[in-house]
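What follows is a short report on a single structure.
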Amino acid sequence: MNKNKKVLILTSFVTGHGHASITRAVEDALKAQGADFKTIEAFELCRPKAWFKGAKGYGKLTNNHPKLWEFLFNLSHVLHRLSAFILQLSCEKGFLKIYQDYRPDVIVTVHPMFVGGILNILEKRKINIPFVSLVADLVSISNLWADKRAALTICPTRECLAFMLRRGLRPQKLSVINLPTRTKITERALEITAPDKQDGGPVKLFVMSGAEGSGGLDSNIRELLKIDNTSVTLVAGRNAALEKSLRAEFAGDTRVEIHGFVDNIEQLIPRHDIAVVRGSPNSLMECVNLCVPVIVKGYLGGQEPGNVDFIITRRLGVFCYETAQLAYFVRQYLQDERKLLKQTRQNQFNFRDLKAAQKIAAEIVQI
């Protein structure tokens with residue numbers, strides 16, 4: 001194993017929290033293996049600067065205009081070759097400067113926008129270097145991720161593997177490894193050596209809707225409080241206006257605890273019995289690794305609907321379409337002495353792979 005390979009990681013820290021979480025997990029694993037790496041915000045390579053400004057608006061776009069985001073996602077899926085060509089034109093100069101300054105031995109992308117475009121540049125410039133695509137989506141996979149020229153495509157699920165095979169990628173260039181979560185999540189998860197908890201007392205519910213926070217969470221809280229002997233903890237993320245309005249609405253209610261953006265999510269989640277989260281891959285896998293059964297409440301069109309099937313078919317949680325049904329699904333978890341809750345925790349405990357980041361890092365340095 002050549003641990004001294006120089007690894008260039010292309011990612012984004014502004015288009016949602018998932019790419020950043022996966023990147024940090026892989027960075028820590030590479031560091032532990034003694035590898036040299038350089039991580040860059042890939043959208044900063046692009047010109048004009050409107051690319052980066054647009055990427056920074058991802059959170060507001062998905063929260064305020066989800067249908068528009070779904071349209072753009074599906075459009076890029078259909079026009080993936082055109083998207084790659086446009087990206088190539090916009091970031092070629094910036095990428096080549098980084099490449100010449102750092103001289104990596106392998107390139108890894110954790111963002112689909114930088115698969116085809118970067119491979120186009122490498123092919124055009126006759127740069128013979130292994131390229132690794134680390135897929136950050138579970139089931140609803142964009143064509144942007146699939147490129148036969150990649151030396152390795154790391155898939156987080158069997159469904160992703162099947163997608164890549166249908167797109168003509170060769171099996172020997174594919175690997176299946178669970179989606180990694182941040183080191184702090186993994187370290188906390190390692191403390192959970194058995195899936196069951198001490199049951200009884202108030203049912204503790206955790207509510208979160210992404211790092212950017214989204215509206216409508218007040219109605220979720222009101223519905224959940226219909227359940228007797230319940231407490232609710234909600235994380236509003238970076239949405240300061242949402243946090244302020246929720247604090248005002250539930251002021252004085254000792255059953256409700258409101259947080260803004262937090263940096264100790266690995267401590268908050270395991271304190272609870274059930275998590276109500278959006279169908280984002282990162283949020284789901286954090287709850288799974290921490291053995292907290294989920295109620296998936298909402299998902300981004302185009303990008304996340306397959307995640308609902310992922311959770312249901314593996315019996316890692318349930319899906320709730322209507323807010324009015326939240327209390328029903330919580331009661332389903334709790335009936336018969338919390339039978340479903342206990343079984344779901346066991347399923348999560350059996351499914352999780354807390355060495356996913358290390359396995360990915362090993363694949364990268366061995367390529």
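The values are calculated or read from the model by the stated rules, or taken from the named source; none is laboratory data. Just so we're clear, the structure is a prediction, and the values are computed from it rather than from any experiment. In this analysis, Cβ positions are derived from the backbone assuming ideal geometry, glycine residues included, and neighbour counts consider all displayed protein chains.
State all residues of the stretch 132-173 that are among the polar types (S, T, N, Q) and touching a residue at least 12 places away in the same chain (Cβ under 8 Å); if no residue qualifies, say none. Full working, then the answer.
Initially, the stretch 132-173 is screened for residues among the polar types (S, T, N, Q), giving 133, 140, 142-143, 153, 157, 172.
Hits for the stretch 132-173 are SER133, SER140, SER142, ASN143, THR153, THR157.
Any idea how many residues of the stretch 50-90 are of a type in the set (Phe, Trp, Tyr), within 20 Å of HIS19 (Cβ to Cβ) and either surrounded by fewer than 14 Cβ atoms within 10 Å (Cβ to Cβ) or in contact with a Leu (Cβ under 7 Å, 6 or more places away or on another chain) (or both)?
Looking only at the stretch 50-90, we keep the residues that are of a type in the set (Phe, Trp, Tyr), and these are 51-52, 58, 69, 71, 73, 85.
Of the ones still in play, those that are also within 20 Å of HIS19 (Cβ to Cβ) are 51-52, 58, 69, 73.
Those still in the list that are either surrounded by fewer than 14 Cβ atoms within 10 Å (Cβ to Cβ) or in contact with a Leu (Cβ under 7 Å, 6 or more places away or on another chain) (or both) too: 69.
Of the residues in that region, 1 qualify.
Taking the stretch 284-340 as the region of interest, how many residues are crowded, with 20+ Cβ neighbours inside 10 Å, farther than 21 Å from LYS67 by Cα and polar (S, T, N, Q)?
Matching residues across the stretch 284-340 total 1.
Let's see how each residue does on (1) aliphatic (A, V, I, L, M); (2) under 19 Å from GLY16 (Cα atoms); (3) in the same structural domain as LEU61 (by TED's automatic domain parsing):
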| site | (1), (2), (3) |
| --- | --- |
| VAL203 | yes, no, no |
| ILE221 | yes, no, no |
| LYS244 | no, no, no |
| VAL262 | yes, yes, no |
| PRO270 | no, no, no |
| ASN289 | no, no, no |
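With the requirement that a residue be outside any strand (DSSP E or B) and touching a Lys or Arg at 6+ places or on another chain (Cβ under 6 Å), what does the stretch 273-288 give you?
Those that are outside any strand (DSSP E or B) and touching a Lys or Arg at 6+ places or on another chain (Cβ under 6 Å): ASP273, VAL288.
Could you list, in sequence order, all residues of the stretch 91-113 that are crowded, with 21+ Cβ neighbours inside 10 Å and in contact (Cβ under 8 Å) with a residue 60 or more places away in the chain?
Initially, the stretch 91-113 is screened for residues crowded, with 21+ Cβ neighbours inside 10 Å, giving 91, 95, 106-113.
Across the stretch 91-113, the qualifying residues are VAL106, ILE107, VAL108, THR109, VAL110, HIS111, MET113.
State which residue is nearest to VAL14 (Cα to Cα) when the search covers only the stretch 238-250 and only residues that are out of contact with any strand residue (DSSP E or B) (no Cβ under 9 Å at 6 or more places or on another chain) and free of Cβ contacts under 8 Å to residues at least 12 places away in the same chain.
Taking the candidates together, the pick is ALA241.
Going residue by residue through the stretch 171-178, is there one that turns out to be farther than 24 Å from LEU45 by Cα, surrounded by fewer than 24 Cβ atoms within 10 Å (Cβ to Cβ), touching a Lys or Arg at 6+ places or on another chain (Cβ under 9 Å) and of a type in the set (A, V, I, L, M)?
Within the stretch 171-178, one or more residues are farther than 24 Å from LEU45 by Cα, surrounded by fewer than 24 Cβ atoms within 10 Å (Cβ to Cβ), touching a Lys or Arg at 6+ places or on another chain (Cβ under 9 Å) and of a type in the set (A, V, I, L, M).
Per-residue answers, yes or no, for (1) closer than 30 Å to THR313 by Cβ; (2) in the same structural domain as GLY302 (by TED's automatic domain parsing); (3) of a type in the set (Val, Ile, Thr):
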| site | (1), (2), (3) |
| --- | --- |
| ASN74 | yes, no, no |
| HIS77 | yes, no, no |
| ILE98 | no, no, yes |
| THR109 | yes, no, yes |
| VAL115 | yes, no, yes |
| LEU134 | yes, no, no |
| ASP137 | yes, no, no |
| PRO156 | yes, no, no |
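In the stretch 10-51, what count of residues is obtained for those that are hydrophobic (A, V, I, L, M, F, W, C) and under 17 Å from the mean Cα position of the chain (by Cα)?
Adding up the residues that qualify gives 7.
Can you name every one of the helices (runs of 4 or more DSSP H) wholly within the stretch 121-226 that holds 1 or more residues which are of a type in the set (Val, Ile, Thr) and farther than 30 Å from ALA324 by Cβ?
Filter on the stretch 121-226 gives 183-190.
Take the conditions out of contact with any Lys or Arg (no Cβ under 8 Å at 6 or more places or on another chain) and either modelled with pLDDT of 85 or more or over 17 Å from LEU144 (Cα atoms) (or both) and apply them to GLY34. Does it pass? Show your work before the answer.
Details: out of contact with any Lys or Arg (no Cβ under 8 Å at 6 or more places or on another chain): no; either modelled with pLDDT of 85 or more or over 17 Å from LEU144 (Cα atoms) (or both): yes.
For GLY34, the condition - out of contact with any Lys or Arg (no Cβ under 8 Å at 6 or more places or on another chain) and either modelled with pLDDT of 85 or more or over 17 Å from LEU144 (Cα atoms) (or both) - is not met.
Give me the residue from the stretch 297-317 that is out of contact with any Ser or Thr (no Cβ under 9 Å at 6 or more places or on another chain) and outside any helix (DSSP H, G or I) and, out of that set, modelled with the lowest pLDDT.
Residue satisfying both the conditions and the ranking: GLY301.
Taking GLN366 as the residue in question, decide whether it is at pLDDT below 95 and closer than 30 Å to LYS31 by Cα. Outline the logic, then answer.
Details: at pLDDT below 95: yes; closer than 30 Å to LYS31 by Cα: yes.
Yes, satisfied.
In the stretch 14-33, what count of residues is obtained for those that are more than 16 Å from GLU286 (Cβ to Cβ), crowded, with 19+ Cβ neighbours inside 10 Å and of a type outside the set (A, V, I, L, M)?
Final tally of qualifying residues: 2.
Residues that are touching a helix residue (DSSP H, G or I) at 6+ places or on another chain (Cβ under 6 Å): list the helices (runs of 4 or more DSSP H) wholly contained in the stretch 1-117 that include at least 3 such residues.
Fully inside the stretch 1-117 and qualifying: 18-32, 50-56, 66-78, 80-102.
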